[in-house]
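The values are calculated or read from the model by the stated rules, or taken from the named source; none is laboratory data. Fair warning: this is a prediction, and the values are worked out from it, not measured in the lab. Note that we place each Cβ from the backbone using ideal geometry, even for glycine, and neighbour counts take in every protein chain shown. Only protein heavy atoms, including side chains, enter the accessible area calculation; ligands, DNA and RNA are left aside. Shrake-Rupley method; radii C 1.70, N 1.55, O 1.52, S 1.80 Å.
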Amino acid sequence: MLQSKSFVKKTRQGRIEKVVREHYLRDDVYCGFVPCSACDAAAERKLDAAAAAILVVDTNVVVHQIDLLENPAIEDVVLLSVVLGEVKNKNLAVFNRIKALCTNKARRFYVFANEQHRDTYVKEMVGESSNDRNDRAIRVAARWYQSHLGGSVKVLLITNDRDNKRKAIEEGLNAETVESYVRSLAQPGLLDLVVVPTSGDVTMEDVEDHRPSKKKVIYSEHKPMSEITSGLRCRIYHQGKLRVNRYNPFEAYVGSESIGDEIVIRGRSNMNRAFDGDIVAVELLPQDQWHESKSFIADDDEEEEEDVHLVPNSADDAPRNTSSTTVGSSAPSVSSRPLGRVVGIIKRNWNSYCGSLQPMPMPAGSGGVAHALFVSKDRRIPKIRIQTRQLENLLNKRIVVAVDSWDVLSRYPSGHYVRTIGDIGDKETETEARILKFTAASSAVAIYLTKFACKSIFLTVVLIENNINTRPFSTQVLACLPPLPWTLSPEDLANPNRQDLRHVRVFSVDPPGCRDIDDALHCTLLPNGNFEVGVHIADVTNFVHPGTPLDEEAAQRGTSVYLVGQRIDMLPKPLTEDVCSLRADVERLAFSVIWEMTPDAYIISTRYTKSVIKSCAAMSYVEAQARMDDSRLVDPLTVDLRNLNSLAKIMRQRRCERGALTLASAEVKFEIDSETHDPLDIGIYQIREANQMIEEFMLAANISVAEKILKHFPLCSLLRRHPSPTKEMLEPLLRTASSVGLNLDVSSSKALAESLDNAKRDDPYFNKLIRILATRCMTQAVYFCSGDLTFSEYYHYGLAASLYTHFTSPIRRYADVVVHRLLAAALEIAKLPPIFQDGPQLTGIADNLNYRHWNAQMASRASVELHTLIYFRTRPTDTEARIVKVKANGFIVFVPKFGIEGPIYLTPEGDKGGDWVVDEVHQRVTKPGTNISYAVLQTVRIHMEVVEPQPHRPKLQLTLI
């Protein structure tokens, strides 16, 4: 049966066109009920014969009750295609979760294509809204199921929409609210998962809040979207993503392109119910309210306490220094940065959060509803009010909670319990509980480490807090993999677009134990005295095809995540460690960039080709360095390494002369016990010439590919930019440098690079320390679509490169997969996928890659910090530290040996430092009437140990010796 749909649309050129689409209706769309005799015997069947009821759910139930639907107690659910379509448009994250339920063979969720069945397809009536049409389609499908199954099983429409429920009952259907159905299951714990409906829906039954009514309005109402849109157009309001300070949850920042600066938001009232990551509309406060605040090290009684953490790698994860006033001065200073308040939420970023319930007495009676406050371990997240019927079971648990709403009358947002992760130091079940408070830079996660389950619980919390996908790859994804064991086929060799380079001496150099080898190189001396240098990258796109479940999964994950001793892959292991990995002595497919270079490292020519290689050696950085350093070795492989290294040194020098920054970081490495997996030793990762050699050629390949794809696709290339640091970001570095008599020129990356080169003192560590401080002033590099920005905005500040992208790590980064497709299309060996014609979708891909990359970094830092604290659990240590910031009641120190920083208190914690005076100009804190003072960059001796200031909440503490 053929139906037709027609509608009008406006083209980009402004023309109005009528579009007619054919819609085919079928009879062979089956119900999925196991005992049904009317449907084809070969059809898929997932709805159980013993089901008490077949549930047909509407769109809002799926969107708002996904945590409930994921619970194993909810089964035999029919998902209509009209519902899935609406869910996909409303919330892609929920759509992916419900899709996973439908494809999970262990769950009884069945997709019924009601829009393709001729008995359930409905046309939109005149004057009927699309929402009303879809509700009617859901009722029609439920009625069809009721008629089709003939009373053999109850068909139940689940909806919280009052009007939809009324119409369903009038039409002879069985219909219930979510809460009513869950109550019928006689599992009180399930009611905790039910999201309280908004005022427009059916209200929760028999649940009363017995707390005194508080009618005081705490927050301002958000502006309607029409007013926000108008205000943005007139520049009354400014749009941007809200980022809450990781070290002070009462301060946030909104980067605004409309005013070209960062707007500071101070206080919960001005944040106006916005969460970290929300896209918000901001109104600037009057300039006379742009006052700075004094700077102290906050104590344990304040939510914004400062703890020991890894040294930040950029301004985005560094504690903000918002004070420029001299402590003790009574006159407020006017900040150079604008202050504002949130007037509306454009896009929410609510996630699930890990934490525990705030301790509270058990309410009188049992079995009733208790109202509790959930405290997230991500200090940027406010407390969340939940109601639970299992308070006694949850008080000592690490749990996950999701946010549902935040009313203007409520100090806290409302949410619901999702699931329990594990015990919090349960001494009845653990014979010897060892508890540590671990504060992750990514989310200030406080974790209770028990003897048996502590690390797995911690990792679960870290991964949830950073929204890391740890679900096993689905059967649909795994079905996309090539047959194993994979071998090179005759078709691969016969492909005219793939060059056979198996005769070339190719090798790889990676970190020790690396199994997902993305890149390999070769360096061959040519008869004319030049060198042929090749960078060969795993040809992942030969196995990951656009639009497949494997591709969609990789795009969603965005990147592999590297924790201490653990890797969470972007792609299934058969690809990452075998089929794609450029291991030694096996034939592999690659995508190669090959240059002819002079001995002075000037590029004569560049070519790009798909290839077949056979690596002769997979070396670690240590092994490659040992070969180059051993003068007795003159074998061809070692000679190749030395030639590459010589070229790399010249390339590096030339890049630095152009203004590339040579920054420094304190990257930590661990020696891990093979049995307990606990750290045995800790130290700073050593960078060798071999590391720099590989880095140099990867940079060169990325730049060459960026130039190639942009030439062919100027509007849809995926590139990477590094924005120049703002004046405010560089101010802490300049102030510190000035206090020690160092004049840094920050007018350009080249000027800063030269200043850093000249920053020398008798202290051998001085230059590295200045470079570490410079690193934390930098912005994060980001992916973007070339059509979204002007060419001048493509610039990569840190590399001093006008163009840059990521091509060299497709096994672990989806950005590189996208770039491989662009390069293949530029070489005309593959068609450009249709997605590259969709600008907004490309921008969305870039945004997701930035989000996933940042979360992976934060999870990795959290893992390093956990292992650092486990190490010090039984190893109190005295060591040297450097002062990097002075405050009124103490200072912040950097511990070079362990790559961490934290507070040293000069006064009792809680004392605001009345006995000490800060000299902001010279960055010195002095005790009046004495010769005792401490200055920035000064070396001090400190003691590091784990202490327990509160029961069950130990932490790593630094004290001055």
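Check 97, 118, 107, 139 and return the single one that is under 30 Å from residue 187 (Cα atoms) and open to solvent by 60 Å² or more (accessible area, probe 1.4 Å).
On the way: 118 fails: under 30 Å from residue 187 (Cα atoms); 107 fails: open to solvent by 60 Å² or more (accessible area, probe 1.4 Å); 139 fails: open to solvent by 60 Å² or more (accessible area, probe 1.4 Å).
Every option except 97 fails the conditions.
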Checklist entry - Looking at segment 843-895, which of its residues are over 19 Å from the mean Cα position of the chain (by Cα), among the charged types (D, E, K, R) and surrounded by 20 or more Cβ atoms within 10 Å (Cβ to Cβ)? => result 882, 885, 887
Item to check | Residue that is open to solvent by 30 Å² or more (accessible area, probe 1.4 Å) and either closer than 30 Å to residue 674 by Cα or within 24 Å of the chain's Cα centre (by Cα) (or both), where the choices are 558, 565 | outcome: 565
Checklist entry - Counting only residues that are modelled with pLDDT under 90, open to solvent by less than 30 Å² (accessible area, probe 1.4 Å) and part of a loop (DSSP other than H, G, I, E, B), which one in segment 462-493 is farthest from residue 557 (Cα to Cα)? => result 466
Checklist outcome for this item: Within segment 364-390, restricting to residues that are within 15 Å of residue 353 (Cβ to Cβ) and of a type in the set (D, E, K, R), the one that is modelled with the lowest pLDDT is 377
Item to check | Filter result (of a type in the set (D, E, K, R), more than 24 Å from the chain's Cα centre (by Cα) and not in a helix (DSSP H, G or I)) within segment 757-794 | outcome: 760, 761, 762, 763
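Considering only residues that are part of a strand (DSSP E or B) and over 40 Å from the mean Cα position of the chain (by Cα), look in segment 99-158 and name the one that is farthest from residue 51 (Cα to Cα).
Just the residues of segment 99-158 that are part of a strand (DSSP E or B), to begin with: 109-112, 117, 154-158.
Applying the additional criterion that residues be over 40 Å from the mean Cα position of the chain (by Cα) yields 117, 154-155.
Working: 117: 24, 154: 9, 155: 10 Å.
Among residues in segment 99-158 that are part of a strand (DSSP E or B) and over 40 Å from the mean Cα position of the chain (by Cα), the one farthest from residue 51 (Cα to Cα) is 117.
Is it the case, given these coordinates, that residue 540 is among the hydrophobic types (A, V, I, L, M, F, W, C), closer than 15 Å to residue 808 by Cβ and crowded, with 21+ Cβ neighbours inside 10 Å?
Values: among the hydrophobic types (A, V, I, L, M, F, W, C): yes; closer than 15 Å to residue 808 by Cβ: yes; crowded, with 21+ Cβ neighbours inside 10 Å: yes.
Taking the combined requirement at face value, the residue satisfies it.
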Checklist entry - Across segment 655-672, which residue is farthest from residue 772 (Cα to Cα) among those that are small (Gly, Ala, Ser) and either open to solvent by less than 40 Å² (accessible area, probe 1.4 Å) or touching a Cys at 6+ places or on another chain (Cβ under 6 Å) (or both)? => result 659
Checklist entry - Taking segment 734-750 as the region of interest, how many residues are farther than 20 Å from residue 934 by Cα and in contact (Cβ under 8 Å) with a residue 12 or more places away in the chain? => result 6
Checklist entry - Quick check, is residue 808 within 21 Å of residue 537 (Cα to Cα), open to solvent by less than 20 Å² (accessible area, probe 1.4 Å) and of a type outside the set (Phe, Trp, Tyr)? => result yes
